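Report on the structure given below.
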Amino acid sequence: MIKLPPALEFVLRDDSRALLRWVREGDIPRFRAGFEQLSDTARFSRFFDHLNRLSEAQLRYFTQIDYVNHMAWGALDLDRPSVPGLGVARYVRLPKQQRVADLAVTITDSAQGSGLGTALMACLHLSAAEAGFEAFSCDVLETNTGFAERLQRLGAEVAGHNDGIISLRWAVCAGADAVAGDSNSAKVFREVLERLAEAKLFRGAHPVE
Ligand SMILES: CC(C)(COP(=O)(O)OP(=O)(O)OC[C@H]1O[C@@H](n2cnc3c(N)ncnc32)[C@H](O)[C@@H]1OP(=O)(O)O)[C@@H](O)C(=O)NCCC(=O)NCCS
């Protein structure tokens, strides 16, 4: 069983360094500022709504994590401490299916394509495996074909379509060996899981902490 440290350094495709760590209650200002930086397309893809801001209740919900039923990994820029945050991925246990959790991920537009979404989702898999989850469910807008297709290349299956939303079910991967398929996406995902399995606790006293 791979046990991830709660904070680790991860080098991205462009060789920049991200700190991946559990979200904390003190992260509310990061969420507020990070949301400001999201395009309307990204907001709509994540929340299925044209939100102008996150409400106080949403900010509390997104940052008050119990790490048992609700897990959230965030990414910070170690090379640019003034950037509030690069992205976040979370799962929340489904009340009626105790070994299934709803998954969602958001990367700020300027940080997309650098491997962060992949890395944060891989962190979610390892955390979920350690916590005994079997699968993720993920609702994706039918218009967000890129993400829905990517999840399917990583082994997710379509569980249903309803009102413009595709529901996917994705078996939790406890490690690289559990990733099915020979697509490039699957290969990258396996490599990321292998790198994470070697990750050490980040101990740097850095301004982004
Ligand atoms: C969808 C989203 C989370 C993707 O995150 P991202 O950080 O841009 O994605 P990544 O950079 O990790 O992956 C992009 C591609 O790069 C590839 N990649 C990642 N790391 C790589 C690496 N080290 N080497 C080579 N390729 C790599 C991935 O495999 C992926 O390829 P694919 O599309 O062919 O599968 C992001 O675009 C986003 O937040 N969108 C708005 C909100 C949203 O749609 N959320 C989903 C619904 S909850």
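The values are calculated or read from the model by the stated rules, or taken from the named source; none is laboratory data. It should be emphasised that the depicted structure is a prediction, and the values quoted were computed from it without experimental measurement. Cβ placement follows ideal geometry from the backbone for every residue including glycine, while neighbour counts extend to all protein chains displayed.
Return yes when VAL88 is modelled with pLDDT of 95 or more and closer than 12 Å to ALA128 by Cβ and no when it is not.
Numbers: modelled with pLDDT of 95 or more: yes; closer than 12 Å to ALA128 by Cβ: no.
Against the criterion (modelled with pLDDT of 95 or more and closer than 12 Å to ALA128 by Cβ), VAL88 does not qualify.
So which of GLY74, GLY115, GLY132, GLY87 is more than 12 Å from the ligand (Cβ to nearest atom) and either among the hydroxyl-bearing types (Ser, Thr, Tyr) or in contact with a helix residue (DSSP H, G or I) (Cβ under 9 Å, 6 or more places away or on another chain) (or both)?
Of the residues listed, the single one that is more than 12 Å from the ligand (Cβ to nearest atom) and either among the hydroxyl-bearing types (Ser, Thr, Tyr) or in contact with a helix residue (DSSP H, G or I) (Cβ under 9 Å, 6 or more places away or on another chain) (or both) is GLY74.
ALA205 passes every criterion in (1) modelled with pLDDT under 95; (2) crowded, with 18+ Cβ neighbours inside 10 Å; (3) farther than 18 Å from ALA89 by Cβ apart from (2).
State yes or no: is GLY146 under 23 Å from SER45 (Cα atoms), within 12 Å of the ligand (Cβ to nearest atom), within 14 Å of the chain's Cα centre (by Cα) and at pLDDT 95 or above? Lay out the reasoning, then the answer.
Working: under 23 Å from SER45 (Cα atoms): yes; within 12 Å of the ligand (Cβ to nearest atom): yes; within 14 Å of the chain's Cα centre (by Cα): no; at pLDDT 95 or above: yes.
The answer is no for GLY146.
Would you confirm whether any residue within the range 165-188 is of a type in the set (Phe, Trp, Tyr), surrounded by 19 or more Cβ atoms within 10 Å (Cβ to Cβ) and near the ligand (Cβ under 10 Å from one of its atoms)? For the range 165-188, residues of a type in the set (Phe, Trp, Tyr), surrounded by 19 or more Cβ atoms within 10 Å (Cβ to Cβ) and near the ligand (Cβ under 10 Å from one of its atoms): absent.
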